[in-house]
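One structure below.
The values are calculated or read from the model by the stated rules, or taken from the named source; none is laboratory data. Note that the coordinates shown come from a computational prediction; the quantities given were computed from them, not determined experimentally. So basically every Cβ, Gly included, is an ideal-geometry build from the backbone, and we count neighbours across all protein chains shown.
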Amino acid sequence: MTAPPKVWSPVRWADNKGVRIAYDRLLDSPRDGEPLLLLMGLGASRRWWPDGFCAALAAHGFAVARFDQRDAGESTHLPDTASRGPIDALLHGRGEAYTAEDMADDAIAVMDALGWESAHLLGASLGGAAAQRLALRHPGRVRTLTSSSAVPGDLAGLRTLRHIRLGTLAKLARLKFPDTPEGDVEAGVAVARILASPARPFDEEAARAGIERSADPGIRDQRAQSRQIGARWHGPPISALRTPTLVLHGEDDPLIRPSAARRIAAAVPGSRLVVLPGVGHDLPEHAWATVAAEVRGHARLGSPRSRA
């Protein structure tokens, strides 16, 4: 049997004060393209970015790279804290492990390792909040910001609850699967089903095929997820953002209410909100071309030529 072609470079690691951050580059993306860094959401590894979507971004001239947030994928996992799970961390605001500033600096370490002086950012879910904070903490390193399916990065604890559908969060918290590769796949399929748009049929066969290529235990590692949620932001509010900002949100998002996107767009001067029909808290194939085109159009606001 012929081995499938390699899509991504071998994994490499950046270092942020002893925390190792795993990253790779899309091989088919142009090396001289505009740098685009992808930030994935809660507990999920970088491999949850669909290869087809990343190829669509590369077709628009981006040099695409992705990384595992700390406590996800192949990056360093920190010791357990007092929080028992994501809901506990959200409600009680425990952030003993590290700060949101530490997570922002992880992304900068990756950019340094890639040799990128600056980059466009695309963050999904928790990755969207992390991208907002990165643009606040290191504005000179960020060309444009695209925040997708995210809560405002300056909110924490109980203030976040108004934007979260707790019933969906509880469903995710109740999922239990064996600590095996098969369990990782079944957990991934279950999560994908919960987060998909309820207005469209769930394509389990396609979801399973993708998850079998990207399955990892982070989807069911609630201790690691609680450490990520517990990482508190101590910086300025998102109203201080001056980076060109695009806010994307699925119209049918079953986890994060569209009110979160509206709040981000209202708070960030000059930002633009795009609601994606037929999209949940995910990135389904039918939306790839639209999202890639939106990111490309938005990136022109922060290209070196446009800033000259």
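Report yes if some residue within segment 286-306 is surrounded by 19 or more Cβ atoms within 10 Å (Cβ to Cβ), at pLDDT 95 or above, assigned to a loop (DSSP other than H, G, I, E, B) and touching a helix residue (DSSP H, G or I) at 6+ places or on another chain (Cβ under 8 Å); otherwise report no.
No, segment 286-306 contains no residue that is surrounded by 19 or more Cβ atoms within 10 Å (Cβ to Cβ), at pLDDT 95 or above, assigned to a loop (DSSP other than H, G, I, E, B) and touching a helix residue (DSSP H, G or I) at 6+ places or on another chain (Cβ under 8 Å).
Restricting attention to segment 222-229, does a residue exist that is surrounded by fewer than 23 Cβ atoms within 10 Å (Cβ to Cβ) and without any contact (Cβ under 8 Å) to a residue 60 or more places away in the chain?
No, every residue in segment 222-229 fails to be surrounded by fewer than 23 Cβ atoms within 10 Å (Cβ to Cβ) and without any contact (Cβ under 8 Å) to a residue 60 or more places away in the chain.
From the list Trp48, Trp116, which one is aromatic (Phe, Trp, Tyr) and closer than 21 Å to Arg242 by Cβ?
Exactly one of Trp48, Trp116 is aromatic (Phe, Trp, Tyr) and closer than 21 Å to Arg242 by Cβ, namely Trp116.
Kindly provide the set of residues from segment 149-165 that are in a helix (DSSP H, G or I) and in contact (Cβ under 8 Å) with a residue 60 or more places away in the chain, ordered by number.
Selection gives Gly157, Leu158, Thr160, Leu161, Arg162, His163.
Quickly run through segment 183-211 and pick out the residues that are in contact (Cβ under 8 Å) with a residue 40 or more places away in the chain, surrounded by 14 or more Cβ atoms within 10 Å (Cβ to Cβ) and assigned to a helix (DSSP H, G or I).
Ala192, Ile194, Leu195, Gly210
Hey, among Leu145, Leu114, Leu126, Leu169, which residue is surrounded by fewer than 20 Cβ atoms within 10 Å (Cβ to Cβ), under 27 Å from Ala287 (Cα atoms) and in contact (Cβ under 8 Å) with a residue 60 or more places away in the chain?
Leu169
If I filter segment 42-59 for residues that are touching a strand residue (DSSP E or B) at 6+ places or on another chain (Cβ under 9 Å), more than 20 Å from Pro284 (Cβ to Cβ) and of a type in the set (A, V, I, L, M, F, W, C), do I get at least one hit?
No, because not a single residue in segment 42-59 is touching a strand residue (DSSP E or B) at 6+ places or on another chain (Cβ under 9 Å), more than 20 Å from Pro284 (Cβ to Cβ) and of a type in the set (A, V, I, L, M, F, W, C).
Against the condition under 29 Å from Arg47 (Cβ atoms) and either more than 18 Å from the chain's Cα centre (by Cα) or part of a loop (DSSP other than H, G, I, E, B) (or both), how does Val275 come out, does it pass?
Judged against the criteria, Val275 is not a match.
Considering only segment 47-58, I want to know if a residue exists there that is surrounded by fewer than 24 Cβ atoms within 10 Å (Cβ to Cβ), in contact (Cβ under 8 Å) with a residue 12 or more places away in the chain, within 13 Å of the chain's Cα centre (by Cα) and within 25 Å of Trp233 (Cβ to Cβ).
yes
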